[in-house]
Structure formats: structure tokens, C-alpha cells
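To start, the structure itself, in C-alpha cells.
Nothing in this text is a laboratory measurement; each read-out follows from the coordinates by a stated rule. In this text the structure is predicted, and so the values were computed from the model without any measurement. Here the Cβ is made from the backbone with ideal geometry for all residues, glycine too, and neighbour counts use every protein chain on show.
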Amino acid sequence: MDYPIIAYLVLVVVTLPRVEGQFPRVCTDRGSLRDKKCCPTPKGFTTQCGYDGGRGQCQALTIRDWTSKYSHYRPFQMEDERHNWPRALYYKVCKCNANFAGYDCSKCAFGYYGSTCTQKKNLIRRNFLSLEWWEKDRYMTYVEKSKRDQSDFVVTSTSYEKIYRTVMYGGNPKRFFSGVTNYDLFTWMHYYAARDTILPHNKTESDIDFAHNGQGFLSWHRLYLLAWERTLQEINKDEEFALPFWDWTENPTRCEPAICSEKLLGVTDQTTGIVRGEYFNDWYVLCTREQTDNLTKPCDPTDKRKGLKRNTDDEKEKKVKEKGYTMTIPTKTEVNFALRFETFDRPPYNKSSSCNFKTS
């Protein structure tokens, strides 16, 4: 947990707007859903999961059961569709060998490259502020391309029970899934992990967040960013690309003009909150806070709203008055304070835990 890793989280999260289940498109046909199996045959191979090339094999999905032994356990969470995800739709998936990875084992694990995934490559993360102008422009161009290129994953806001029932009665499940761009896929994944528990009978429970306020906060987001980095590498055919980090310690209270400019991450209109910029003027957003908070049904991935928005200075001040705090970037002193704790987490392993790295 060195300082740059913590720092570079901010740059990418600032770029990604706030973020139900996501599935490989190839595994959303009637046969796959009827058999509850997602074991595709990758391109260039003749067997499921690339078994004929030693890449992987189709196996029963193994998930550690979540029970009352866990400190965050609440009985209603057993009804949450994310419980033991993705077992609700698939019992068998590809288990990849060695350094192979991906839903069909056609890709390499993080840090490995080449046709046999045996080449290791160390990527160097650099401070965004120290990049050359063309490197900053490349980063923004890569992100913008991800907003246009379609992902090979699809998403759904339909209950898994309804999907499975439709399939078993001979119906076509295609209408339940929506295609998304690579960028929107990551928006969706963050929303899906963090959203409230949505139960039958128009009831919502907010006592759960699978991505925040728990032991997995840092590791979940680290995996999330590694997947985002790999996606940018793939769609831009650039294995040398590494996500930059932002050392904000020179100006911890405000986004620096060198970053929040119309040429880069955009400028927030202090009246409307709309972000103006070379790359963001024509952007749309999905799963905004208004579309997701305290709702009794999942966000609709086809409901796209024009204009990327951020909080204005007045909105930030209002939150301070109403809640007594607002989200701020930690200072270097605060980061160093957190790093002094050798224990990652302590009982009861939630926001009330004290004297540990996670909650400090």
C-alpha cells in the first residue's frame, strides 16, 4: 500500500461518474441460461474455456457462503440478488489455468502478456501533473474512446428470477439485456456493487454496500482499476499504457487548473453543475444519484441523460451545513497518519472500527 497507489485512485474515480448485473454477451442466450452455464469456446480453440489449449476447464462455481458469522450479516440480505453472485444465473463457469484469465480464459491475468501469458511486464505509474501534453491528451483520448466502443458484456435490470422463469418456459431472454459501452460497463459495475438492496413489495434496504464501508473497500477498488486499465489497453491496442496517478498534495482543497481544465477533465459550471470540456461536452450519463438513491427498482441502463455533472461549490457548502461534512481529498499528513497503522482492520469490521488502516 504505497502512496502512489492511494493517490492514483482519485484521478480515475474523478473521471468515472457515479456507478445491475453484468454478463458476457455470449452467455446470455437461452441455452446458456437454461443450463446455467457460462463456458464459452474462445476464438482459435475448439473446446469450452480453451481446454484443448490448456487454458482452462468448465467447472462448478465455488463461492464461500455468506452467513450470520459475518459481522455485516443481516437476514434481509439473503434475498439480495447479489448474494453469492452470479450463482443466481450460472452454476458452471470457466476456471482458468496458470496465468490465463477472462470469462473464456482467452485473456491473461493482470501483469502478464503474450500469446501464452508468460511474459511479465512492469508498468510505471506516473504523476498526471508531470506528463507531457501529448501523454495527457492520449489518456483523455483513450477514455473518450471507451465511451464509444461497445463492450462484450451486457447488463440487465430485470430480476434474475424473471429471466430464469422466462427461459424455462421457452421464452427469449434477449430483451432483458442491454448493450453498453466499455466506459458505461464500469459505471454500471460500480453502481451494481454499491446500490441499496432492492426487495420485492416495493421495499428498499440501505444497510449494505458491497464496495464500500467494509474490509473489501481498497482491494475491490484496486481490482476495479486494474480491470479498467486492462480495458483501456485492449480497446486502444496499447499494452504499454499505465494509469497515471494524481498527487494532489500541493493543492488538496481544489482540483488544479492543470487537471480540471477544458482541455482535460473539464470545468464545472457553478450554476448548473454541467461539466464543460473538449472531451465531455457531448457526454451522457446513466445511473445518476437521482436515478438510484432510495428507489424500489434498479436503474434503467437505457435511460441516458445528457451532460456530465459534478457538485458545484454551493452544493458542497450546503452539504457541510446539512450533514456537517463533505467529501474532501485527504492531505498528505492524513495519508501518512493512515499508513502508520500496521493492522488493516479490526472488529466489528465496519465504519465504527478504530485504530486501523481501513477506517482511518
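Take the Cβ atoms of D303 and C355, set R0 to 41 Å, and the FRET efficiency comes out at 0.40. For the stretch 253-360, the number of Lys pairs separated by eight or more positions or lying on different chains, with C-alpha atoms closer than 18 Å, is 5. Summarising the label geometry, the points placed 7 Å from Cα in the beta-carbon direction at L339 and E315 lie 3.3 nm from one another. Taking amide H atoms as placed 1.01 Å from N in the peptide plane, the amide H of F153 lies under 5 Å from those of R25, each 5 or more residues away in sequence or on another chain. Let's test the formula: R0 of 45 Å, r as the Cβ-Cβ distance of L123 and M168. What FRET efficiency results, to the nearest 0.05? With R0 = 45 Å, the Cβ-Cβ based efficiency is 0.45.
Put simply, the amide H of Q119, placed in the peptide plane, has neighbours under 5 Å in Y113, leaving out anything fewer than 5 places away on its chain. Treating r as the C-beta distance of E250 and A60 and R0 as 51 Å, the FRET efficiency rounds to 0.45.
Karplus-based coupling profile of the stretch 101-117, in residue order and whole Hz: 7, x, 5, 10, 6, 8, 10, 10, 5, 4, x, 10, 9, x, 5, 10, 6, with θ = phi - 60° in 6.51 cos²θ - 1.76 cosθ + 1.60 and x standing for Gly or Pro. Placing +1 on the Cβ of every Lys and Arg and -1 on the Cβ of every Asp and Glu, with nothing else charged, gives the stretch 126-197 a dipole about its Cα centre of roughly 260 debye.
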